[in-house]
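**Q** Shown below is the structure under consideration.
The values are calculated or read from the model by the stated rules, or taken from the named source; none is laboratory data. Quick caveat, the model's predicted, so the values are computed rather than measured. We place every Cβ from the backbone using ideal geometry, glycine too, and count neighbours over all the protein chains shown. Heavy atoms of the whole protein, side chains included, go into the accessibility calculation; ligands, DNA and RNA do not. Shrake-Rupley method; radii C 1.70, N 1.55, O 1.52, S 1.80 Å.
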Amino acid sequence: MPSRIYKAPWFVKAVFIVSFFIIFFVAGVTYKNMSKLSESFDLIEHKYELGVELEQMISYLKDAETGQRGFIITQDSTYLEPYFSGRENINNSFAELKQLTKDNEEQIKFLKKLNILIDNRLANFEEVERFVLKKKNNIDSPNLIPIFLEGKQLMDDIRDKIKIMIELQNKRLEARQEAYGNNLELTPIFLYLVLLLSLLLMIGAYYKIISNLKKLKQTNKQLEIFKESANQSEIVSKYGNWIWNIEEDTFIFSDNLYRLLGEEPQSFKASAANFIQFVHPEDKEKLRKQVEMMMEEENLPYVYYRVIHKNGNIRHLKSYGKTLVNSEGEKRLLGTTTDITDEIENFVKLEQRNFELERNNKELSAFNHVASHDLQEPLRKIQTFLSRLEDKEENNLSESGLKYMSRIKSAAARMRLLIDDLLQFSRTNKADKVFETSNIYLLLEAAKQDLAEVISEENAVIVADTFPAMNVIPFQIQQLFVNLIGNSLKYKAKDRSPEIKITYEKVMSSKEAVLINAKANTYHKIIFKDNGIGFDNEYAEKIFILFNRLHNRQEYSGTGIGLSICKKIVENHQGYIFADGQPSIGATFIIYLPFL
Amino acid sequence: MNEDYIDIILADDDEDDRLFFTDAFEELKITTKVSTYNDGVYLMDYLNSEEIILPNVLFLDLNMPRKSGMECLREIRANDKFKDIAVAIYSTSASEEDIEKTFVYGANIYIKKPDNFKKLKKVLSEVVTINWQYHTNGLNKEIFLLRL
């Protein structure tokens, strides 16, 4: 038997149906054979009875014949007694025969002929009797001989007819026996085989049931384990399940749902009314409305509400339900309720922190802006007054006075530089960063324009590749160029005029070792290479840190903000900036800007 | 309007700046008449009073108490009576935002207060001798911010 069929769920059912029909069939066949058997028996009995009756008839006729003959010879009327009783018996016997042959047309025909013959024979008897009584003892009369002969003739005919009738009956029996003989012989084997098959099927079904039972047990075991693990996960993840049979309005609550309400598992009857008792008064109406909506839509969106435990704790819950219709057409709402108190608390905390952070940031930015802005005004006045002092009173000052004044001037100039840089730094922090497809060459030219004075003073040479259009924040990129070129000009070597080479390349992040963790696939790679004093690569990262300087103020006038601004600008573009220095040979700045 | 001298008004709340301003014009060999106002309210009161001679050039500080330079600018440009006054913004800040806004509101030129008296004189002499025809209507943003 192919195991696929054996495993089919309808198998047992089919086996039982087949077995049922087999047994039904066997019962039918048996009944039929039994009735045929009894029919055959009846037939044999019938034949026997018919035979006996016919023999009896002959016997009665013979008795009558013998009685008559005796009377003819002896003239003693006592011999006639069997003759008279014979006649009566013949009539009775004939009635009996009629009864026995009533279901056989052929026999009835023969019986009718026999009847005529018997009537003729009896008539012959009467004729002989009349003849004998009329002519007393005249048995030698030649007239009697033909009558007598006729009697014999009739008697022979009767015998013949009876013989034929008995033979006919025998034939009928034989034919019947032949017809049913085979059948009857095969029936036991057939029945045996059919029963055997049925038995086999039953055994198969039995094994199937046993194996199903085993599987059921195993599945049950797994289900038990699963239930336990579901229970555990409900406790750990703080959720509970409920099933609402909508038509019967009955509920099943999982153990943990009770715990979510701060109660012992199954400590009260699961019902909507009992559940709502725990709901926070302010949320009751909302939940009720949602439940009503559920009744109509049978699909519950997330519902958020609070419950109050008996000890006064307030917990936040979230519920979700979904309608399922099972094979019997029963509608059930399967729901999950989760305790989200911790999440909400965390969320509130996070929101608060975010808010604080945002406020701090704003304050800081405003402070930065206002401070540097407002600092400018007094400084500008100091510088302007200084310039007036220089113009008007220079001749009236002593040498040390002049020296002090120049010191004040340089201090003021430095302060101006710091303020300007700080202002710029705070400006690169601002949120309104508008990306535009920009002509980088124009931005570089604008940067060069900003620095035109210094560039011509230093006889600097700036060589640049061509750039494709890039999607950037234009004023920031210009600032980046200004700062980088300014940086190169500031840290120029004393023995040669500055040369800055700017090259462009389009690169794949996978090909660049420093871009291993880069988000974009392709980057614009811009390299600024100068022939200045360079720096020790030890400081390659440090130089981008705010207020970090590698040199003494007397040697080089830097604020330590310029490169921090560069880094910030590049980061605003989700790019990367790296520095590479060779002391007294030059510095290289590599910028990667993603394709946006 | 007077043809013999250039009528100049400065609205600035800072005493020192007003001093620098008047000193600078005194030292410049240009025939000017300079008057100063301490804030936007005083300025607008003067401009709105009857029978006055409107100035040729108005220097506006942006950050002033009571009424800011920006508010004054808007009022002035909203009034057809003042359409011939050249407005120069005269501010400590040169933030993109301020430059953009004042340009849009119809100022003619933007000057960042210099930190050197010589530069100040240079700027002021340039501004008052400018061909205002060129700067009117603020059509050219490139030359709006006066670079030195």
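**Q** Hey, got the average number of other protein chain Cβ atoms within 10 angstrom for residues in B:107-116?
**A** What the average comes to for B:107-116 is 3.
**Q** OK, next. Need one word for the range A:13-159: rounded, prolate or oblate. Basis is the Cα gyration tensor (sqrt eigenvalues a ≥ b ≥ c); a/c below 1.5 gives rounded, then a/b vs b/c decides.
**A** prolate
**Q** Mind checking the dipole of the range B:6-138: about its Cα centre, +1 per Lys or Arg Cβ, -1 per Asp or Glu Cβ, Debye to the nearest 20? Provide the component values of the computation, followed by the final result.
**A** Values: 16 positive and 25 negative charges, 95 e Å.
Using only the charged Cβ atoms, the result is roughly 460 debye.
**Q** Apply the Karplus curve 6.51 cos²θ - 1.76 cosθ + 1.60, θ = phi - 60°, to the phi angles in the range B:15-22 and return the couplings in whole Hz, x for Gly and Pro.
**A** 4, 4, 5, 5, 5, 4, 5, 5
**Q** Where a Cα-Cα gap under 21 Å defines reach, which lysines qualify for A:K494, not counting those fewer than 8 residues away within the same chain?
**A** A:K529
**Q** Give the shape of the protein assembly as shown as rounded, prolate or oblate, defined through the alpha-carbon gyration tensor: a ≥ b ≥ c are the square roots of its eigenvalues, a/c under 1.5 means rounded, and otherwise the shape is prolate if a/b is larger than b/c and oblate if not.
**A** prolate
**Q** Moving on to the next point. How about the range B:69-102: which of its residues lose at least 50 Å² of accessible area in the presence of all protein chains relative to their chain isolated, using a 1.4 Å probe?
**A** B:T92
**Q** Along each of its three principal axes, how wide is the spread of alpha-carbon positions in the range A:390-480, in whole angstrom units, largest first?
**A** 59, 35, 17
**Q** Name the residues of the range A:384-416 whose accessible area, probed at 1.4 Å, falls by at least 30 Å² once all protein chains are in place instead of their chain on its own?
**A** Going by heavy-atom accessible area, the residues of the range A:384-416 that drop by at least 30 Å² are A:T384, A:F385, A:S387, A:R388, A:D391.
**Q** Summed for both chains, how many Å² of accessible area, to the nearest 100, are buried between A and B with a 1.4 Å probe?
**A** Counting protein atoms only, the buried area is about 1600 Å².
**Q** Which is farthest toward the positive dipole end of the protein assembly as shown among A:T78, B:A24, A:I314, measuring Cα position about the Cα centre, with Cβ charges +1 (Lys, Arg) and -1 (Asp, Glu)?
**A** Comparing the listed Cα positions along the dipole, A:T78 ranks first.
**Q** Related question: For the range B:1-81, what percent of Cα pairs sit more than 21 Å apart?
**A** Roughly 28 percent, rounded to a whole number.
**Q** Please report, as a whole percent, how much of the solvent-accessible surface of the range A:345-432 comes from carbon and sulfur atoms (probe radius 1.4 Å). Numbers along the way, then the final one.
**A** Numbers: 3540 of 6210 Å².
That fraction is 57 percent.
**Q** Per residue of A:377-383, how many C-beta atoms from partner chains lie within 10 Å of its own C-beta, taken as a mean?
**A** 5
**Q** Right, another one. Enter the mean number of other protein chain beta carbons within 10 Å of the beta carbon of each residue in B:11-24, as an integer. Write down the numbers at each step before the final one.
**A** On the way: counts 0, 0, 0, 2, 0, 6, 4, 0, 4, 6, 0, 0, 2, 1.
For peptide B:11-24, the averaged partner shielding equals 2.
**Q** Keeping every protein chain present and rolling a 1.4 Å probe, give me the accessible area per residue for the range A:345-432 in Å². Provide the component values of the computation, followed by the final result.
**A** Values: 6210 Å² over 88 residues.
Computed with neighbouring chains in place, this is 71 Å² per residue.
**Q** Post the alpha-carbon centroid distance, the range A:9-34 to the range A:436-484, in whole angstrom.
**A** 100
**Q** Find out how many positive minus negative residues lie around A:G486, taking Lys and Arg as positive, Asp and Glu as negative, among other residues whose Cβ is under 13 Å from that of A:G486. Could you put the intermediate results ahead of the total?
**A** Details: positive: A:K448, A:K490, A:K492; negative: A:D420, A:D421, A:D450, A:E453, A:E457, A:E458, A:D530.
It works out to a net charge of -4.
**Q** Go through A:K448/B:K29; A:K381/B:K33; A:K448/B:K83; A:K381/A:K403; A:K392/B:K67; A:K403/B:K118 and tell me which ones have a Cα-Cα distance over 27 Å in this structure.
**A** A:K448/B:K29; A:K448/B:K83; A:K392/B:K67
**Q** To continue, here is another question. Per DSSP H run of n ≥ 4, the term is -39500 (n - 2.57); total these for chain B, divide by its residue number, and report the mean residue ellipticity at 222 nm rounded to 500 deg cm²/dmol.
**A** After summing the helix terms and dividing by the residues of chain B, the value is -11500 deg cm²/dmol.
**Q** For A:K113, give me every one of the lysines with a C-alpha distance below 25 angstrom, ignoring sequence neighbours fewer than eight places off in its own chain.
**A** A:K47, A:K62, A:K98, A:K102, A:K152, A:K161, A:K163, A:K171
**Q** Once you charge only the Cβ atoms, +1 for Lys and Arg and -1 for Asp and Glu, what is the size of the charge dipole of the protein assembly as shown about its Cα centre, to the nearest 20 debye?
**A** Here the protein assembly as shown has a charge dipole of around 2320 debye.
**Q** Could you please state, rounded to a whole Å, how far the C-alpha centre of the range B:1-72 is from the C-alpha centre of the range A:242-285?
**A** Each part reduced to its Cα centre gives a spacing of 79 Å.
**Q** May I ask you to list the lysines whose Cα is less than 24 Å away from that of A:K284, ignoring any residue fewer than eight positions away on the same chain?
**A** Correct list for A:K284: A:K238, A:K269, A:K310, A:K318, A:K322.
**Q** While we're on this one: When a/c is below 1.5 the answer is rounded, else prolate if a/b is larger than b/c, else oblate, so apply that to chain B with a ≥ b ≥ c taken from the square roots of the Cα gyration tensor eigenvalues.
**A** rounded
**Q** How much mean residue ellipticity at 222 nm does chain A get from its helices, if each DSSP H run of length 4 or more adds -39500 (n - 2.57) and you divide by all residues, to the nearest 500 deg cm²/dmol?
**A** -22500 deg cm²/dmol
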